[in-house]
1. Only one of these is at negative phi and at pLDDT 95 or above: ARG39, ARG43. Name it.
2. Could you look through segment 130-158, keep only residues that are modelled with pLDDT under 90 and loosely packed, with under 11 Cβ neighbours inside 10 Å, and pick out the one that is nearest to the chain's Cα centre (by Cα)?
3. Taking the stated definitions as given, is ALA126 modelled with pLDDT of 90 or more and part of a helix (DSSP H, G or I)?
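The values are calculated or read from the model by the stated rules, or taken from the named source; none is laboratory data. The structure displayed is predicted, hence computed values, not measured ones. Glycine also receives a Cβ, built like all others from the backbone with ideal geometry; neighbour counts cover every protein chain displayed.
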Amino acid sequence: MSGAPLRRLTQDRQTIICAGPGGVGKTTCAAAIALEGARMGRRACVVTIDPAKRLADALGLEGLSNEARRVEWVSGSGGSSECGGEGGEGGEGGGSGELWALMLDTKTTFDEVVRRNAGNDEQAQAILDNRLYRNISGALGGTQEYMAMEKLYELHDCGNFDLIVVDTPPTR
């Protein structure tokens, strides 16, 4: 992708999903799109739901977690935030954009959903300690996809990002 089409792509969209078969450059494109958004002054978060862990490599990071992590790209300071984004460092695009990244952890996200929706901490802990819940939350078919949607909703709902770029696992 060259600069102008990439700028147009990131200019007014809230969510961009990079999907396709393995080996076509989805992760590289997702990282480049999010970086361009940050360069344009947007608060961009790139999210990988691919368990292959290539996004951290593409961004030059040791690793990623289920919590958004600020990525240094021109100037800025690394850090983390439960939801992300707390004020910006400037980038090449003249704006005060920010680049954040995270890797979906299905089990952690499932646990967060339980904590968020339980009546109180005691109820949440009882559910989390339940053997059936532990088995279901780790092995139920479709759990990764459902938790990916939960995480996207959480990132959108918190309002700290105005561009979310999703790197998906290879299609089958």
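1. Values: ARG39 fails: at pLDDT 95 or above.
One residue alone meets the criteria, ARG43.
2. GLY142
3. Values: modelled with pLDDT of 90 or more: yes; part of a helix (DSSP H, G or I): yes.
So ALA126 fits the description; yes.
Listed here are the residues, each with its yes/no results for (1) modelled with pLDDT under 95; (2) surrounded by fewer than 16 Cβ atoms within 10 Å (Cβ to Cβ).
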position: GLY85; (1), (2): yes, no
position: GLY94; (1), (2): yes, yes
position: TRP100; (1), (2): no, no
position: LEU104; (1), (2): yes, no
